[in-house]
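Laboratory data are not the source of any read-out in this text; all were calculated from the coordinates shown. As the structure is a prediction and not an experimental result, all values here were calculated from the model. Cβ sites come from the backbone with ideal geometry, for glycine too, and all protein chains shown count toward neighbours.
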Amino acid sequence: MIMEASRDSYPKEFGAFLRAEKEVIYEIAILPGTIQGDHHTIFMLYNKPIDFSLVGSVHSHPSGITIPSDADLGMFSNTGQIHIIVGYPFGMENFTAYNRSGQRIDLRVI
Ligand SMILES: [Zn+2]
């Protein structure tokens, strides 16, 4: 679903929050007012509900490079523990997951 949404948004970025239960991400939550840019997705964080099932974020990099920018790292540090960057061409293996400090973590698609 994330890859599909990213393809639909291409060449703009797609961004959403991740909802999980028992360490399984099962839903994405799109915040009202999210701005999709060519190089960044701006989350209107004041719209972020206080919801402990939201565990992190996902956004796409149309460049295909799934390395977080400085802005991404800043966003990671205050929006949860798991952050996924997906990259063009948005195949199932075109993603990298990070923790809130920007270190790569393993994420398995089940
Ligand atoms: Zn980014």
Read through the list (1) part of a strand (DSSP E or B); (2) crowded, with 18+ Cβ neighbours inside 10 Å, then give the number of the only condition that TYR26 fails. (2)
Top-ranked residue of the stretch 63-95 - restricted to ones that are of a type in the set (Ser, Thr, Tyr) and within 11 Å of the ligand (Cβ to nearest atom), ranked as farthest from LEU18 (Cα to Cα): SER63
Using the structure shown, decide if TYR26 is of a type in the set (Phe, Trp, Tyr) and more than 16 Å from the ligand (Cβ to nearest atom). yes
Of the conditions (1) assigned to a strand (DSSP E or B); (2) more than 16 Å from the ligand (Cβ to nearest atom), SER60 satisfies every one except a single condition; which number is it? (2)
Report every pair of residues separated by at least 6 positions or lying on different chains whose Cβ atoms are under 7 Å apart, first residue within the stretch 1-28 and closer than 24 Å to ASP51 by Cα, second of a type in the set (Asp, Glu) and surrounded by 13 or more Cβ atoms within 10 Å (Cβ to Cβ). ARG19/GLU27
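Here's the yes/no breakdown for (1) exposed (fewer than 14 other Cβ atoms within 10 Å of the Cβ); (2) within 16 Å of SER6 (Cβ to Cβ); (3) small (Gly, Ala, Ser); (4) free of Cβ contacts under 8 Å to residues at least 40 places away in the same chain:
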residue: ILE30; (1), (2), (3), (4): yes, yes, no, yes
residue: PHE43; (1), (2), (3), (4): no, yes, no, yes
residue: VAL58; (1), (2), (3), (4): no, yes, no, no
residue: ILE65; (1), (2), (3), (4): yes, yes, no, yes
residue: SER69; (1), (2), (3), (4): yes, no, yes, yes
residue: ASN78; (1), (2), (3), (4): yes, no, no, yes
residue: GLY87; (1), (2), (3), (4): no, yes, yes, yes
residue: TYR98; (1), (2), (3), (4): no, no, no, yes
residue: SER101; (1), (2), (3), (4): yes, no, yes, yes
Please indicate, with yes or no, whether at least one residue in the stretch 79-89 is under 11 Å from the mean Cα position of the chain (by Cα) and in a helix (DSSP H, G or I). no
